[in-house]
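Q: Quick one: the structure is below, and I'll ask about it shortly.
The values are calculated or read from the model by the stated rules, or taken from the named source; none is laboratory data. Keep in mind the model is a prediction, meaning the values are calculated, not measured. Backbone-built Cβ (ideal geometry, glycine too); neighbour counts: all protein chains shown. What goes into the accessible areas is simple: the full protein's heavy atoms, side chains included, and nothing from ligands, DNA or RNA. Shrake-Rupley method; radii C 1.70, N 1.55, O 1.52, S 1.80 Å.
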Amino acid sequence: MFGWLIKPLKTWSNILSVSKWISQQDTSQLFFNDFYSPKRDLAKRYLVYESVKSNLNLASEGINYLEFGVCGANSFKWWLRQNTHGDSKFYGFDTFEGLPEDWATFSKGEMSANIPDVNDARATFLKGLFQDTLPGFLKENKLSESKRNIIHLDADLFSSTLYVLTSLHPYLKKGDIILFDEFNVPNHEFLAFKMYCDSYYIKPKLIAAANNYFEVAFIIT
């Protein structure tokens, strides 16, 4: 009889969890933070990237950059331009056929894009569901322990985000960076992050945030 209440109650519970999480953050040491901002400006994501790159001196450091949810590759190309180290590797994971399930106001199949044309030998794109492409990638490409991993999660969906976080957990180490592009969406990226942290008993440190925690950056400590 009351089954219809599950979805709205779950949403409100997760909204309260997001609010509580925000209230608990120590923002005094963040590289960048615009909270509270009355208007969302998606260009601020580049201020987050720039603050992380500059404060951690990432421009010339050899890195493994893994982006999940590439679409038009704007963020991917930004990091590719900003990091000049010849041994850096950049991997973009996407179905390139749109969302595999409905998300917010977007329907399954929306946000499709062509595989980007990138003229840089350091860049590789992997087409397909993360669940199909990531296992083989991790078997064939041992993420070098000598290089910092930068994980960019623009996966949108709860299922996709949680899958990536749990799959990459054995490879994450102190100093690695995790970026989120829709973090404060309560039923998706935030919920996946919360479940991941609760399950693995880890507390990544927040280092930058924009658009009221829509875009955020964490460092593994």
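Q: When the chain is fully extended, how far beyond the present Cα-Cα distance does GLU50 get from TRP12, taking 0.36 nm per residue of separation?
A: In short, 10.3 nm is gained.
Q: Check every DSSP H run in the chain and write down those whose alpha carbon atoms cover 24 angstrom or more along the long axis and whose mean Kyte-Doolittle hydropathy is -1.0 or greater.
A: Sorted by number, the helices that extend far enough and score high enough are 6-23.
Q: Once the other residues with Cβ under 13 Å from the Cβ of SER167 are scored (Lys, Arg +1; Asp, Glu -1), what is the net sum?
A: 0
Q: What percentage of the solvent-accessible surface of the range 57-187, computed with a 1.4 Å probe over protein heavy atoms, is contributed by carbon and sulfur atoms?
A: Numbers: 2750 of 5880 Å².
Carbon and sulfur: 47 percent of the exposed surface of the range 57-187.
Q: What aspartates and glutamates could a cross-link reach from LYS139, if we take a straight Cα to Cα line under 18 Å and drop same-chain neighbours fewer than 8 places away?
A: List returned: GLU67.
Q: Could you please report the charge total around ILE63, scoring K, R as +1 and D, E as -1 over all other residues with beta-carbon less than 14 angstrom from its beta-carbon?
A: +1
Q: Measuring from centroid to centroid over Cα atoms, what is the spacing of the range 150-196 and the range 35-70 in Å?
A: Cα centres, the range 150-196 to the range 35-70: 15 Å.
Q: Tell me the mean residue ellipticity at 222 nm calculated for the chain from its helices only (DSSP H runs of n ≥ 4, each -39500 (n - 2.57), averaged over every residue, nearest 500).
A: -10000 deg cm²/dmol
Q: Near the amide H of LEU126, under 5 Å away, which other amide H atoms are found, from residues 5 or more places off or on another chain, if H is placed in the peptide plane?
A: GLY92, PHE93, ASP94
Q: Give the accessible surface of the range 134-173 per residue, rounded to a whole number of Å², with probe radius 1.4 Å and ligands, DNA and RNA excluded. All intermediate terms of the calculation are to be shown ahead of the outcome.
A: On the way: 1690 Å² over 40 residues.
Computed with neighbouring chains in place, this is 42 Å² per residue.
Q: Within straight cross-link reach of LYS142, meaning Cα distance under 26 Å, which lysines are found once same-chain residues fewer than 8 apart are removed?
A: LYS53, LYS77, LYS89, LYS127, LYS173, LYS174, LYS203, LYS205
Q: Could you grab the relative contact order for the chain? Cα pairs under 8 Å, six or more apart, rounded to a whole percent.
A: Relative contact order, the chain: 25 percent.
Q: Right, here's the next one. Starting from the amide H of TYR65, placed 1.01 Å from N in the peptide plane, find each other amide H under 5 Å away whose residue is 5 or more places distant or on another chain.
A: Here LYS89, PHE90, TYR91, ILE150 satisfy the definition.
Q: Right, here's the next one. Find the accessible area per residue for the range 2-63; the probe is 1.4 Å, ligands and nucleic acids are left out, and the unit is Å².
A: Heavy-atom accessible area per residue stands at 69 Å².
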